[in-house]
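The values are calculated or read from the model by the stated rules, or taken from the named source; none is laboratory data. Quick caveat: nothing in here was measured; it's all calculated off a predicted structure. Cβ: placed from backbone, ideal geometry, glycine included. Neighbour counts: every protein chain shown. The accessibility values were calculated without ligands, DNA or RNA, using every heavy atom of the protein model including side chains. Shrake-Rupley method; radii C 1.70, N 1.55, O 1.52, S 1.80 Å.
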Amino acid sequence: MNTDRYRFLFVFYRRKTVTAIFLDRWEGGNAVSGHFRPRGSEASHQPRTSLIAEVMSPSRDRIDKPEPRWQAVLAFLAICTIYLALPRNLIVGPTWLLPTVIIVLLVPTVVSHRAGKHSLNRILGIIINGITTLALIGSVILLVRALPSHRESPLQLLRSGGLLWLTNVIVFALWYWRLDGGGPTVRDKRREFGSRSFVFPQMQIENIERSRFSVEGWRPGFVDYLFIAFTQSSTFGPTDAPLLARWAKLLAMCQIFISLSIVVLLISRAVGIL
């Protein structure tokens with residue numbers, strides 16, 4: 001009888017201690033030593049809220065770091081450099097016009113992002129993307145018109161086609177980066193895992209396996225959209241990430257059409273030379 005009694009007291013003491021430790025973390029006081037904070041006090045609610053948030057929120061899927069913008073800025077500067085390297089007969093308007101317009105619009109775009117004017121930043125970003133797309137289409141049309149005249153040497157023609165093909169990749173990578181999930185600013189606010197317009201390979205990994213591949217809080221960046229644009233221009237179809245949104249499918253059709261036109265024109269000219 002005495003043994004059963006001592007065993008009961010020992011179990012009761014252990015349960016009381018565990019309960020006290022839990023209350024200590026719940027109330028933010030020192031329950032083991034007997035010093036509790038009042039339930040109604042302001043100090044007691046903060047630890048309780050943080051404890052509930054720690055238990056309920058999926059901390060592994062949270063994305064706290066903002067998406068870098070310098071990669072997109074470098075992409076626009078690369079378009080300016082490529083445009084200056086094109087032959088004069090493949091440029092719409094003066095040679096300096098497109099690089100100047102891009103740089104002039106980039107300055108308020110970056111400033112508006114730093115100042116927190118997200119609507120203005122989005123509008124300016126779409127305007128720059130539209131201008132570069134129109135310039136690309138105009139250069140491709142001039143390339144088509146220049147082929148029958150045989151004014152360019154085969155080497156210069158191959159160089160021009162390669163520059164326009166690369167511009168096509170960068171321009172549409174900027175479109176995908178700008179429009180996916182409402183844009184980089186909206187993606188930063190939502191802090192969601194993955195993408196809303198593309199099915200990246202990281203999104204197909206099960207939750208329990210994400211830590212193994214270090215993709216718990218993953219979301220696409222500009223390099224991921226650049227890879228999508230590169231593979232679509234190379235294979236004339238989506239390979240790395242299937243397309244979900246209709247706007248992405250329409251843009252992919254335009255990109256593939258431009259890339260296919262450049263490649264077919266170069267091949268046909270090469271066959272004619274041979």
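Brief remarks on what is shown
- Exactly one residue out of Arg122, Arg196, Arg187, Arg114 is under 22 Å from Gly221 (Cβ atoms), modelled with pLDDT under 95 and open to solvent by less than 40 Å² (accessible area, probe 1.4 Å), and it is Arg187.
- Options Leu84, Leu97: the member that is surrounded by fewer than 18 Cβ atoms within 10 Å (Cβ to Cβ) and in contact with a Pro (Cβ under 7 Å, 6 or more places away or on another chain): Leu84
- Checking every residue in the stretch 248-270 against the condition of being of a type outside the set (Lys, Arg) and more than 28 Å from Leu143 (Cα to Cα) gives zero matches.
- Taken over the stretch 219-246, the residue count meeting the criterion of being touching a Phe, Trp or Tyr at 6+ places or on another chain (Cβ under 9 Å), touching a residue at least 40 places away in the same chain (Cβ under 8 Å) and surrounded by fewer than 19 Cβ atoms within 10 Å (Cβ to Cβ) is 5.
- Considering (1) under 26 Å from Val186 (Cα atoms); (2) modelled with pLDDT under 85, the lone condition that Gln255 does not fulfil carries the number (2).
- Of all the residues in the stretch 203-218, those that are over 19 Å from Ala248 (Cα atoms), touching a Phe, Trp or Tyr at 6+ places or on another chain (Cβ under 9 Å) and not aromatic (Phe, Trp, Tyr) number 5.
- For the stretch 128-137, the count of residues that are closer than 19 Å to Arg69 by Cα and without any contact (Cβ under 8 Å) to a residue 24 or more places away in the chain is nonzero.
- Among residues of the stretch 187-198 that are touching a residue at least 12 places away in the same chain (Cβ under 8 Å), those with a Cβ under 8 angstrom from a residue that is among the polar types (S, T, N, Q) and open to solvent by less than 100 Å² (accessible area, probe 1.4 Å), sequence gap 6+ or separate chain, pair up as Gly194/Gln202.
- Yes/no for Leu250 being under 30 Å from Tyr83 (Cα atoms), under 13 Å from the mean Cα position of the chain (by Cα) and in a helix (DSSP H, G or I): no
- In the set Leu163, Leu134, Leu174, Leu179, only one residue is within 19 Å of Ser268 (Cα to Cα) and either buried (at least 19 other Cβ atoms within 10 Å of the Cβ) or not charged (D, E, K, R) (or both); that residue is Leu163.
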